[in-house]
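One structure is given here, and the rest of the page talks about it.
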Amino acid sequence: MSEEVVLSGGEEHIASAISEEVVITFEDVNKWYGEFHVLKDINLSVRKGERIVICGPSGSGKSTLIRCINRLEPHQDGHIVVNGVNLDANVKNIDAIRSDVGMVFQSFNLFPHLTVVENCTLAPMWVKKMPLAEAEQIAMKYLERVKIPEQAQKYPGQLSGGQQQRVAIARSLCMNPSIMLFDEPTSALDPEMISEVLDVMVELAETGMTMLCVTHEMAFAKKVADRVIFMDFGEIVEENAPDEFFGNAKVDRTQLFLSQILAH
Amino acid sequence: MAAVIERGARDSRSTFAKIVNDERNRSIFWQVIVFGLIGYVCWYLFTNTAANLEARGMSSGFDFLGTNAGFDIAWSIIPYEPQDTFGRVYLVGLTNTLAVSLLAIVLTTILGFIIGVLRLSHNWLISTMAAWYVEIFRNTPLLLQIIFWYTAVFSVLPRPKQSIDIGGIGLFELNNRGLYFPEPQPGDLFWITMLAIFVAIATVYFLAVWAKRRQLTTGERFPVFWTSLGILFGLPIVVFLVTGSPLAWSIPELKGFNFQGGTSLPPSFLALFFALVIYHSSYIAENVRAGILSVSHGQTEASYSLGLKPGWTLRLIIIPQALRAIMPPLISTWMTVVKNSSLAVAIGFPDLVSVFMQTSINIGGHAIEIVAMVMLFYSSVSLIISAALNYYNTRVQLKER
């Protein structure tokens with residue numbers, strides 16, 4: 001399936017815009033779900049503007065890893081520092097960190113009782129105390145960027161999956177985040193809708209946004225990623241630049257995984 | 001082309017079969033049969049009843065409503081004397097039923113929401129206790145619970161002399177004759193306080209509208225909830241004090257063997273009320289729990305990840321969606337409360353069924369008219385409630401493709 005996705009604008013890797021500033025740090029992070037050890041000694045640092053693709057078999061802990069960054073999941077051991085704030089049980093302004101870290105979910109999670117534009121204006125109005133007119137202006141700007149301004153007055157239930165996911169991306173961007181997290185954004189989509197979402201994500205990458213993306217879309221990884229991380233059994237098994245990663249994987253498990261997802 | 005000719009030829013051969021096989025004709029045929037049968041049954045019942053009444057020399061019609069009832073009613077909201085008419089008895093039963101039902105609806109809804117939320121608690125003890133509450137009261141018959149509260153609780157209370165003083169302040173006295181409590185006696189200027197209450201409600205409404213508009217235009221929020229609370233209580237209290245506290249209380253006091261002054265609710269009212277509230281709150285608790293669970297956890301996560309605080313998430317995302325699932329069964333529970341209040345006959349509470357369908361029929365006859373009037377009352381109440389529900393449903397329906 002992954003080879004079928006054609007991204008507009010060719011295969012060439014888009015220019016990197018990485019600065020020296022480190023915005024996310026994982027230091028010896030461990031996490032358990034009850035008895036299940038889901039993250040094992042994770043060490044990772046992400047610099048501003050860096051684009052990271054995380055892949056690995058299901059249950060390997062990749063979703064959990066990025067959900068720890070905005071503390072939708074608490075970790076039990078080690079340190080996670082986001083934008084200079086250490087995330088632990090005492091963190092007071094978790095809402096402030098969350099409003100600066102956008103997240104896009106596999107199942108879209110749009111608010112079904114609100115229109116598309118209301119989905120986009122809700123958080124700016126409540127969290128940033130923005131007047132309605134200004135919030136709507138920003139919402140329309142991002143809805144245009146994801147190419148669905150004409151759907152603004154519809155409800156999520158009236159849109160296709162691809163359209164819904166693009167609204168979800170616009171909704172996150174309305175908060176003007178400095179980091180965007182994508183948790184398998186195309187896994188719940190029909191094949192013909194995957195590229196419309198990936199195109200939006202590629203355009204977002206071109207703006208220099210810091211992005212962490214859990215995905216198996218290897219065409220996207222080759223085009224966008226500065227680094228590809230392979231996880232298995234809760235560990236970071238291998239991390240490398242995309243050329244090295246796809247052409248010359250060092251670890252057997254990575255090679256096996258790549259042969260499986262590229263074979264079909 | 002050949003097929004068309006062939007079919008045409010066959011149709012012309014049997015016009016009768018064509019008519020019989022036409023779905024429209026068959027549906028008209030069955031509708032005529034059904035309406036005919038219903039009409040015949042109605043006509044038969046009506047003429048048969050009329051003939052029988054005439055044979056026994058019994059009059060029919062609603063003239064009896066103007067005649068004296070001649071019996072007493074143990075407890076009533078509106079004043080009633082034995083010399084009053086059967087029409088008055090109808091009103092007494094109707095107001096008694098509405099009083100206990102409305103009070104029970106308000107309390108059972110509040111209690112149901114609390115129990116439903118408690119059952120979702122992460123605290124094992126709290127959620128288990130809420131679960132036991134629901135399972136015990138939902139799985140035993142209501143009639144059993146009514147009789148339990150009447151015979152095992154409110155009838156075996158001490159006599160007036162040994163009344164239980166609820167709160168220990170001598171104002172609420174509970175004994176085997178009921179619950180005695182102070183009765184307000186408004187003075188001359190009390191209407192100003194009533195006026196202040198209406199002014200406060202109107203002010204709060206306009207405040208909410210203004211605060212909403214201000215948030216839309218400037219983004220600034222206003223603490224509507226606390227301000228409203230202040231206005232709602234503050235304004236009437238200030239006005240009440242300024243006008244010289246024009247409200248006296250008649251306090252129940254033990255004189256001899258019974259209480260004088262104040263007002264009271266009989267044990268049968270208390271038993272019916274407790275049973276209705278507790279029984280139906282277990283249903284509402286389950287509706288509330290199901291409604292909240294029906295909103296997927298992804299909605300909460302999406303809201304949190306946008307930086308919305310838990311309180312806002314609950315108010316803006318979870319509750320509006322949960323209410324869609326909670327309201328229809330909630331309103332149908334309200335209808336059930338009104339209808340189930342007729343089980344009052346078991347403990348002698350003078351509700352509509354008890355005073356009108358039992359006592360009145362026994363004394364004055366006219367069973368058909370009386371049953372029809374009682375049915376009219378219950379079905380009007382239910383139809384009004386369900387009309388409100390339909391209006392609500394069409395307003396909040398989710399739009400989908």
Whole-Hz ³J(HN,Hα) for each residue in the range B:162-174, computed from phi via Karplus 6.51 cos²θ - 1.76 cosθ + 1.60 with θ = phi - 60°, x for glycine and proline: what do you get? 9, 3, 7, 8, 6, x, x, 10, x, 9, 10, 10, 10
Contour minus Cα-Cα distance for B:L293 and B:W75 (0.36 nm per residue): 74.1 nm
Counting only residues 5 or more apart in sequence or on a different chain, those whose built amide H sits under 5 Å from that of B:F172 are B:I166
Per-residue mean of other chain beta-carbon atoms within 10 angstrom of the beta-carbon, peptide A:121-132? 5
Sum of side-chain charges, B:Y283 neighbourhood, beta-carbon under 15 Å (Lys, Arg +1; Asp, Glu -1): +2
Phi to ³J(HN,Hα) by Karplus 6.51 cos²θ - 1.76 cosθ + 1.60 over the range B:346-352, Hz, x for Gly, Pro: 5, 10, x, 6, x, 8, 4
How many nm is it between the label spots at B:V20 and B:Y392, if each spot is 7 Å from the Cα in line with the beta carbon? 5.3
Would you please state the base-10 log of I(q)/I(0) at q = 0.05, 0.07, 0.08, 0.11 1/Å for the protein assembly as shown, with intensities from the Debye formula using one equal scatterer on every alpha carbon? -0.43, -0.75, -0.88, -1.15
Tell me what the protein assembly as shown gives for mean residue ellipticity at 222 nm when only DSSP H runs of n ≥ 4 count, each as -39,500 (n - 2.57), the sum divided by the residue total, rounded to 500 deg cm²/dmol. -17000 deg cm²/dmol
Does anything in the range B:168-183 have its amide N under 14 Å from the 7 Å Cα→Cβ label point of B:N258, and if so which residues? B:175-180
Excluding residues fewer than 8 places away in the same chain, name every one of the lysines whose C-alpha is closer than 21 Å to that of B:K161. B:K255
Using a Förster distance of 25 Å, the FRET efficiency for A:I18-A:S160 (Cβ separation, nearest 0.05): 0.10
Can you give the average number of partner chain beta-carbon atoms within 10 Å of each beta-carbon in peptide B:52-58, as a whole number? 0
Can you list which of the DSSP-assigned H helices in chain B have a Cα extent of 20 Å or more along the long axis and an average Kyte-Doolittle score of at least 1.6? B:86-119, B:224-242
Cα gyration tensor shape of the range A:1-72, rounded if a/c is under 1.5, else prolate or oblate by comparing a/b with b/c: oblate
Any chance you could check the Cα centroid distance between the range B:287-359 and the range B:96-151 for me, in angstrom? 12
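Read-outs throughout are calculated quantities, based only on the coordinates presented, and are distinct from any laboratory measurement. Note that this is a predicted model, so its numbers are computed, not measured. Neighbour counts run over all protein chains shown; Cβ positions are idealised from the backbone, glycine included.
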